[in-house]
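Here is the structure we will look at, set down as structure tokens.
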Amino acid sequence: MARKQQNQKPDQSLEEFLSRDLARRAHEEADASDGSDEEVETLAGILVHDALTSEQRRALSAPDGAAVVVRVPSPDWADAVAAAMRSHATYSDMQIKLGTSRQDRPEVGCDRVSARLARGGRVCGISQDPERFLPASLVAGADVRLDLAQPTPGQVARAIRAVTGEDPGPMPPLHGLGHHDYVAALRTGSTAAACLARLTAAARSRSVVDPDLPEAPLLHEMPGLEGEARDWCLALADDFQAYLAGRIDFDAISRHAVFCGEPGTGKTLLARSVARTLGVGLIETSVASWFTQTQGYLGDVVREIDRVFSAAAAASPVVLFLDEADGLPSRTRLDNRNRDFWKPIIGQVLLQLDGATSGKNGKIIVIAGTNHAEDLDPALVRPGRLSRVITVRRPSVSGLAEIIRHHLGPDDLPGADLTGVAALGVGATGADAAAWVQAARRTARVAGRPIAVADLMALVAPEDDRTPAEALACARHEIAHACAVEAMGVGTVQTVTTVQSGEVAGLTRTKLTTRLSMTRVQIEDYVVATLCGRAADEEWGEASTGAGGPANSDLGMATRTLAAAHASFGLGGSLLHRASDVDAHRLLATCPDLCQAVSADLDRLYARSRAFVQAHKPTIDGLAHRLVNERLLTGAVIRDRLAEDRTSLTPGRTKGGRRA
Ligand code: ADP
């Protein structure tokens, strides 16, 4: 097994040396710990020595046998701790169970343990999670139970003294070191200073604790932090304070979550802000790094996963941020060949995650970041693991203004009103805002003058390179969406803009009316509003590629929604559940009947969209001309105009729907 190959060899050579070396020095000096030299010849030996009470020592040497359970700080300590335990007693059975085998379960091996104990034998079980992996009979009946933590600086100092015979002096904090790091650093024949230098260097290189942490804003200063992300993070910070004050247990803190949001929305920054606010370290890792930091072989990747989680256990309390968590594919979507490769990796992550989220492996706050929560393996987000999915959205106008202000700092544009820039730029991410400020600074520097609001404006809403006709067509498309959304109660329009951003020619930002569940009528209204942009394209000219393309385009969203209505929600005439809502659209490629039904719905609902646009043609056109001039309209402008409209605003519906 990998565990043995990896740990035993270096450990044994150190022990071999130490036993010789300590024998030589035994008469030269007394160990400051006043334990016997044999017991403390390794760091693991020191941990065991310090943990054992005199009563437990007596129980260990009792003639009628003993059940012994040792919890190690992380799996890589297991072999060395086993050796240390053997220096106290002989065992008829020594079981090291780290969850690496299917046999490592509480119900396995109970009879053997009972039989050995009944014969007066001594049985020792070692695990990072005894309740989960050791035979239940051993854990339940333990005469001696040791819960070992990561070594303290004082214990490491004693180990250095044991190896070198020298006092290392004041010890720096050493975070993130695994057992093998100590073995490699505490070299015989070396000086205490050299051992300490190696440990410090190892801690620096091993530590994945983010050096940028001091740069992260505290949560209450975090610009643009809104909605459930804000609520969850602040509640976590409050709970952590209550824990520090001794009012609640660490386990009572709701502390694990997935941050889900588009790239650049600030998920990583938020995880850093959480760590900084809590006053703990942050360990950042990602699925990609497990491959790039190793040769990429299965064993390497599994070991790297263990290393990262061990580092978190060693640095605890700590925030462990697993970025790009969707890099770990969902097993439900893998074909057989890929499943064979990924299964052990996912299994190892789940195993380590259980140790981390249950609190068994230290005080760890696990936050995963992803752009697609729906692509995560269901086991990752099941209750007890990362069940809380927090959406980190693109900021609102005021949030974006705060982010721009944050990146400008207090010296640039002090007191300037940034609302106009933010209103035009809304829809951008925090990363976009940071890039605008950087580029505007460059422009001002090249021009040899201080930065101006106009520099930002030129970036946020660059001169339109479209012809007036193209700009008007885009405005009509967006206004048609906005009017339909408001008129049919699909949601509340926040802003409509024709400012181009990347591939996006214009954008209607809407807060959808939240409902616990949606009826067929409500789903259809949503689809009608979504198709109104294309209906406007046709009304004033002809349909173009503008309504289609990516999955989140108008046609993409309308199709996915209807596919889910049919294949997942039982709202398409059949109660058959054929796929989860997020996967329903995938069936279209293979199910002609579903294709036909969705296509028929699209045609029927598109006819309603056309009717809506025709019925509201003057309103849409008037607002579109205004939008071309002003480049951004708020939802209030749309609502006021619709309120003035005397004509009925609701489109005709097919049977079962509300009628205009
Ligand atoms: P994600 O992890 O969601 O891809 P990041 O946290 O890496 O996004 O954000 C990238 C950069 O964007 C950050 O380093 C920061 O400069 C900027 N940024 C994003 N969100 C914010 C925010 N709310 N406040 C300030 N800057 C932000």
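When Arg509, Arg534, Arg476 are checked against the criterion of being open to solvent by 20 Å² or more (accessible area, probe 1.4 Å), farther than 25 Å from Gly570 by Cα and in contact with a Ser or Thr (Cβ under 6 Å, 6 or more places away or on another chain), Arg509 stands alone in meeting it.
Against the numbered list (1) in a loop (DSSP other than H, G, I, E, B); (2) in contact with a Phe, Trp or Tyr (Cβ under 7 Å, 6 or more places away or on another chain), Val528 comes up short only at (1).
Counting only residues that are among the small types (Gly, Ala, Ser) and more than 20 Å from Cys483 (Cα to Cα), how many does the range 529-547 have? Break it down stepwise before answering.
To start, the set of residues in the range 529-547 that are among the small types (Gly, Ala, Ser) comprises 529, 533, 535-536, 541, 543-544, 546-547.
Checking which are more than 20 Å from Cys483 (Cα to Cα) leaves us with 544.
So the answer is 1.
Any chance you could count how many residues in the range 403-421 are within 13 Å of the ligand (Cβ to nearest atom) and buried (at least 21 other Cβ atoms within 10 Å of the Cβ)?
The total comes to 2.
What's the number of the only condition in (1) touching a residue at least 24 places away in the same chain (Cβ under 8 Å); (2) in a helix (DSSP H, G or I); (3) outside the structural domain of Ala325 (by TED's automatic domain parsing) that Ala401 fails to meet? Every condition holds for Ala401 apart from (1).
Of everything in the range 638-653 that is surrounded by fewer than 12 Cβ atoms within 10 Å (Cβ to Cβ) and more than 43 Å from the chain's Cα centre (by Cα), the residue that is modelled with the highest pLDDT is Ala643. Here is the figure for the range 318-345: residues that are within 17 Å of Glu374 (Cβ to Cβ), of a type in the set (A, V, I, L, M, F, W, C) and in a helix (DSSP H, G or I) total 1. Within the range 556-593, the set of residues being in contact (Cβ under 8 Å) with a residue 24 or more places away in the chain, over 25 Å from Gly533 (Cβ atoms) and not in a loop (DSSP other than H, G, I, E, B) comprises Ala567, Leu587. Going by what's in this entry, would Val496 be described as touching a residue at least 24 places away in the same chain (Cβ under 8 Å), more than 25 Å from Ala564 (Cα to Cα) and more than 29 Å from the chain's Cα centre (by Cα)? For Val496, the condition - touching a residue at least 24 places away in the same chain (Cβ under 8 Å), more than 25 Å from Ala564 (Cα to Cα) and more than 29 Å from the chain's Cα centre (by Cα) - is met.
If the condition is being assigned to a loop (DSSP other than H, G, I, E, B), small (Gly, Ala, Ser) and free of Cβ contacts under 8 Å to residues at least 24 places away in the same chain, then the range 439-493 contributes only Gly448.
Restricted to the range 443-494, and to residues that are of a type in the set (S, T, N, Q) and more than 19 Å from Gly546 (Cβ to Cβ), which residue is modelled with the lowest pLDDT? It would help to see each step written out before you state the result.
Start the filter on the range 443-494 by keeping residues that are of a type in the set (S, T, N, Q), which leaves 443, 467, 492, 494.
Among the residues that remain, those that are also more than 19 Å from Gly546 (Cβ to Cβ) are: 443, 492, 494.
Numbers: Thr443: 95, Thr492: 94, Gln494: 86.
Only one residue fits best here, namely Gln494.
In the range 221-237, the qualifying residues are those that are in contact (Cβ under 8 Å) with a residue 24 or more places away in the chain and part of a helix (DSSP H, G or I), and the one that is nearest to the ligand (Cβ to nearest atom) is Ala229. From the list Leu234, Leu298, the one residue that fits, being open to solvent by 20 Å² or more (accessible area, probe 1.4 Å) and under 25 Å from Ile346 (Cα atoms), is Leu298. Only a single item in (1) in contact with a helix residue (DSSP H, G or I) (Cβ under 8 Å, 6 or more places away or on another chain); (2) open to solvent by 10 Å² or more (accessible area, probe 1.4 Å); (3) near the ligand (Cβ under 10 Å from one of its atoms); (4) not hydroxyl-bearing (Ser, Thr, Tyr) is not met by Gln293, and it is number (3).
Working only within the range 238-286, note down all residues that are in a strand (DSSP E or B) and either aromatic (Phe, Trp, Tyr) or within 16 Å of the ligand (Cβ to nearest atom) (or both). Correct list: Ala257, Val258, Phe259, Cys260, Leu282, Ile283, Glu284, Thr285, Ser286. Consider the range 87-126 and keep the residues that are in contact with a Gly (Cβ under 8 Å, 6 or more places away or on another chain) and of a type in the set (S, T, N, Q). The one that is surrounded by the most Cβ atoms within 10 Å (Cβ to Cβ) is Gln95.
Considering the range 372-402, and only residues there that are open to solvent by 20 Å² or more (accessible area, probe 1.4 Å) and among the charged types (D, E, K, R), the residue that is farthest from the ligand (Cβ to nearest atom) turns out to be Arg382.
For the range 354-371, the candidate set comprises residues that are at pLDDT 90 or above and crowded, with 21+ Cβ neighbours inside 10 Å; within that set, the residue that is farthest from Arg382 (Cα to Cα) is Ile364.
Annotation for the range 422-442: no member residue is among the β-branched types (Val, Ile, Thr), at pLDDT below 95 and either more than 16 Å from the ligand (Cβ to nearest atom) or closer than 30 Å to Leu571 by Cα (or both). The number of residues in the range 149-170 that are within 15 Å of Ala314 (Cβ to Cβ) and modelled with pLDDT under 90 comes to 5.
Take the residues of the range 580-637 that are closer than 18 Å to Gly556 by Cα and β-branched (Val, Ile, Thr): which is nearest to the chain's Cα centre (by Cα)? Among those residues, the one meeting the criterion is Val582. The set of residues in the range 144-167 being surrounded by 18 or more Cβ atoms within 10 Å (Cβ to Cβ) and of a type outside the set (A, V, I, L, M, F, W, C) consists of Gln150, Pro151, Gln155, Arg158, Arg161, Thr164. For the range 451-473, residues that are out of contact with any Asp or Glu (no Cβ under 9 Å at 6 or more places or on another chain) and either open to solvent by 50 Å² or more (accessible area, probe 1.4 Å) or of a type in the set (Ser, Thr, Tyr) (or both) total 10.
Here the condition is being more than 28 Å from Leu298 (Cβ to Cβ) and open to solvent by 10 Å² or more (accessible area, probe 1.4 Å); of Pro75, Pro63, it holds for Pro63 alone.
The values are calculated or read from the model by the stated rules, or taken from the named source; none is laboratory data. Quantities reported herein were computed from a predicted structural model and do not represent experimental measurements. Reconstructed Cβ throughout: ideal geometry from the backbone, glycine too, with neighbour counts over all protein chains shown. Areas reflect the complete protein model, heavy atoms only, side chains present, ligands, DNA and RNA absent. Shrake-Rupley method; radii C 1.70, N 1.55, O 1.52, S 1.80 Å.
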